[in-house]
Amino acid sequence: MNKEFRKAIIAGNWKMNKTPAEAVELINAIKAELEGKDTSGCGIIACVPYVDIDAAVKAAAGSPIEIGAENCHWEKSGAYTGEISADMLVACGVNYVIIGHSERRQYFGETDVTVNKRVLAALEAGLKVILCVGELLEEREQGITAEIVSMQTKIALMGVTAEQMKNIIIAYEPVWAIGTGKTATADQADEVCGIIRNVVAGLYCDCVAKATTIQYGGSMNAKNCEELLGKENVDGGLIGGASLKAPDFATIINAAC
Ligand code: PEP
């Protein structure tokens, strides 16, 4: 992390876990873990299932925890059964949205082009975006990690202005490390976050690249977070499994703050 230039952000991705009542319990447990701690050194976000948003926003009110969603559609409204628009999220008190998570790409037909449409719609609605990019295991083995994450980043950011980059967080999430217990080494995470930063510099300028928060995600936990967060280009984490355990999530937050 280099806090001189950019904000460290720890975001939980709850995925398809927790009922509204359980969401309140978990938010309250995280708040209790953070009680009396100085968390001003990093942003704290919980990205929750749509049905938990209302309960989570209310439970987090007055605390440093901000609430995010896990996806949004690119249209403002219309015949898109089962979808949720960015405006709807804003109306519910959501500040952040994850876009392009590998599980959306893998299981729900998300492409770089639809990721770009969602990013633009979310920004237009006033949301901050956590944009996920990352390579598959076979792509890493083929030696094309840099090409894959560069392409994903470039397409996702098409039409995004330098000014709007203030509302973009990029999460480098190697697909082979998500939910598998296999973590990228701190050096691998740092290297690819650095590659993404160079792509941002090429698209905009060094000053935008320096100011962009680039997280690592993929089996980050209470044990490995210090080493990962100790790297210059790793500005926080997008945390799945460990974000569902309040003490572990709090340990990661404390390591970033
Ligand atoms: C994620 O869902 O973005 C993630 C990184 O999951 P996990 O931490 O469980 O690997």
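What follows is calculated from the coordinates using simple rules that are stated; it is not laboratory data. Being a predicted model, the structure only gives us computed values, none of them experimental. Heads up, the Cβs are rebuilt from the backbone with ideal geometry, glycines too, and the neighbour counts pull from every protein chain shown.
Can you work out the base-10 log of I(q)/I(0) for the range 4-117 at q = 0.12, 0.14, 0.19, 0.22 1/Å, using the Debye formula on its C-alpha atoms alone? Treating every Cα as an identical point scatterer, log10 I(q)/I(0) equals -0.46, -0.62, -1.05, -1.27. Summing Lys and Arg as +1 and Asp and Glu as -1 over all other residues whose Cβ lies under 15 Å from the Cβ of Val97 gives a net charge of -3. GNM on the chain, alpha-carbon springs under 10 angstrom: the most fluctuating residue among Cys205, Cys132, Cys72 is Cys205. In this structure, Lys166 and Asp206 have a Cβ-Cβ separation that, at R0 = 25 Å, corresponds to a calculated FRET efficiency of about 0.95. Going from the fewest other Cβ atoms within 10 Å to the most, the residues Trp14, Trp176 appear in the order Trp176, Trp14. Near Ala242, once Lys and Arg are set to +1 and Asp and Glu to -1 for all other residues with Cβ below 15 Å from its Cβ, the sum equals 0.
What is the order of Asp112, Asp235, fewest Cβ neighbours within 10 Å to most? Walk me through the intermediate numbers first.
Numbers: Asp112 16, Asp235 28.
Placing the least packed residue first, the sequence is Asp112, Asp235.
Under 16 Å from the Cα of Lys31, which lysines turn up, not counting those fewer than eight places away in the same chain? Correct list for Lys31: Lys58, Lys245. Given all pairs of different Cα atoms, what value in angstroms does the Kirkwood hydrodynamic radius of the range 127-206 take? After inverting the pairwise mean of 1/r, the radius is 13.1 Å. For Lys210, the lysines whose Cα comes closer than 19 Å to its Cα, not counting residues fewer than 8 places off in the same chain, are Lys3, Lys7, Lys128, Lys154, Lys166, Lys231. Net charge of the neighbourhood of Met151, taken over other residues with C-beta under 11 Å away and scored Lys/Arg +1, Asp/Glu -1, is -3. Cα-based values for the range 68-206, radius of gyration first and Dmax second, are 15.0, 46 Å. If you average the alpha carbon positions of the range 18-46 and of the range 220-257, how far apart do those two centres end up, in angstrom? Using only Cα atoms to place each centre, the spacing works out to 14 Å.
At full extension, Glu191 and Glu147 could sit 14.5 nm farther apart than now, given 0.36 nm per residue minus the alpha carbon distance. Here the range 8-256 was treated as a single set of alpha-carbon atoms; its pair distances binned every 10 Å from 0 give 8, 34, 38, 18, 2 percent.
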